[in-house]
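See below for the structure under consideration.
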Ligand code: BDR
Ligand code: CA
């Protein structure tokens, strides 16, 4: 099994990523850490606590992360994110569970540092699916973890246009400085960007199969994801592919099974100035240097992934 920490801005596809990890027999989720993006940190963490309650997994601790970008005093959810994920983050579908549980008092930054130090190299993978502020902060606070940390992140794009603007993907756009600092380290990073996540879809056939199970979990997952499919069609009709992209679940799946994608090793940077602010691009000053610390996923076995994803989700929804 692989130990996993999910760093989520929960979020519709974040919820699907959490569900996938909980449904995977080869994963051990040791903690959920909250970042911002689709929602503010407090809101994402509250969603995580309710989702874990819904799945009967209140044994899994939840930690709060840094709640604003490195270059700002505070964070407000961009209007686009509120539209795509709904005001509550779960497409206005109500999570069918309530909980009084609070986040742990330890910060996500310290939990990540302690966890990387605790487990032998290769046993733990951190999966960030929102703003990278806390992950970059952990590496800055504890530079010794750089040789041990393994990160499979959802964010960025090397070969495709962005989804915030033609240059920028949402997660990287939230804190380009943090992302740039992270890519500049020698940490072992796999980037699951729009290059591959736009190739994996969930359709209304899939959501109907979940609904047909007849459980509250099945109904919730189906209603939430239908919202995402509908909004994807409404907001971007010209590029609608017949479903919604499974951005965050693909990163979670690659953390457990790297053979789902092929990757290009490269030293990356993030533009922090001008109209291309937030763009992930090869770092010209390190482009010929070895080792190349980031592996950018370029192709994906979409069929193998989506089949496994739906099988596991359907099993989970039966409970
Ligand atoms: C990413 O941005 C967020 O909206 C999604 O949850 C995903 O992590 C896609 O660009
Ligand atoms: Ca996300």
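Numbers at a glance
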{"read-out": "Complete set of residues in the range 171-198 that are more than 16 Å from the chain's Cα centre (by Cα) and under 14 Å from residue 249 (Cα atoms)", "value": "none"}
{"read-out": "Qualifying residues in the range 21-39 (those that are more than 13 Å from ligand 2 (Cβ to nearest atom) and within 26 Å of residue 175 (Cα to Cα)) - the one surrounded by the most Cβ atoms within 10 Å (Cβ to Cβ)", "value": "21"}
{"read-out": "Count of the range 213-229 residues which are in contact (Cβ under 8 Å) with a residue 40 or more places away in the chain and touching a strand residue (DSSP E or B) at 6+ places or on another chain (Cβ under 8 Å)", "value": "2"}
{"read-out": "The range 184-202 residues that are farther than 20 Å from residue 271 by Cα and without any contact (Cβ under 8 Å) to a residue 40 or more places away in the chain, paired with ones that are away from ligand 2 (no atom under 15 Å from the Cβ) and outside any loop (DSSP other than H, G, I, E, B) (beta carbon under 9 Å, 6 or more apart)", "value": "none"}
{"read-out": "Residue that is modelled with pLDDT of 95 or more, in a helix (DSSP H, G or I) and within 15 Å of ligand 2 (Cβ to nearest atom), where the choices are 225, 259, 207", "value": "225"}
{"read-out": "Flag for residue 194 being over 20 Å from residue 69 (Cα atoms), out of contact with any helix residue (DSSP H, G or I) (no Cβ under 7 Å at 6 or more places or on another chain) and crowded, with 18+ Cβ neighbours inside 10 Å", "value": "yes"}
{"read-out": "Residue that is within 19 Å of the chain's Cα centre (by Cα) and within 16 Å of ligand 1 (Cβ to nearest atom), where the choices are 68, 85", "value": "85"}
{"read-out": "Among the candidates 149, 145, residue that is touching a residue at least 12 places away in the same chain (Cβ under 8 Å), touching a strand residue (DSSP E or B) at 6+ places or on another chain (Cβ under 9 Å) and farther than 18 Å from residue 269 by Cβ", "value": "149"}
{"read-out": "Number of the exception - residue 233 against (1) closer than 28 Å to residue 25 by Cβ; (2) in a helix (DSSP H, G or I); (3) more than 15 Å from ligand 1 (Cβ to nearest atom)", "value": "(1)"}
{"read-out": "Any hit, the range 261-268, residues being at negative phi and within 17 Å of the chain's Cα centre (by Cα)", "value": "yes"}
{"read-out": "Residue match in the range 106-125 (condition: within 16 Å of ligand 2 (Cβ to nearest atom) and within 24 Å of residue 297 (Cα to Cα))", "value": "no"}
{"read-out": "Qualifying residue in the range 201-211 (condition: more than 20 Å from residue 136 (Cβ to Cβ), within 16 Å of ligand 1 (Cβ to nearest atom) and surrounded by fewer than 20 Cβ atoms within 10 Å (Cβ to Cβ))", "value": "yes"}
{"read-out": "Complete set of residues in the range 124-170 that are within 19 Å of the chain's Cα centre (by Cα) and away from ligand 1 (no atom under 16 Å from the Cβ)", "value": "124, 125, 136, 137, 138, 139, 149, 150"}
{"read-out": "Residue ID - nearest to ligand 2 (Cβ to nearest atom), chosen from residues in the range 168-190 that are touching a strand residue (DSSP E or B) at 6+ places or on another chain (Cβ under 9 Å) and not in a helix (DSSP H, G or I)", "value": "169"}
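Per-residue answers, yes or no, for (1) away from ligand 1 (no atom under 16 Å from the Cβ); (2) touching a residue at least 60 places away in the same chain (Cβ under 8 Å); (3) assigned to a helix (DSSP H, G or I):
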| position | (1), (2), (3) |
| --- | --- |
| 5 | no, yes, no |
| 14 | no, yes, yes |
| 24 | yes, yes, no |
| 28 | yes, no, no |
| 31 | yes, yes, no |
| 36 | no, yes, no |
| 39 | no, no, no |
| 43 | no, no, yes |
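The values are calculated or read from the model by the stated rules, or taken from the named source; none is laboratory data. Every value quoted in this text rests on a predicted model; they were computed, and no experiment measured them. Glycine also receives a Cβ, built like all others from the backbone with ideal geometry; neighbour counts cover every protein chain displayed.
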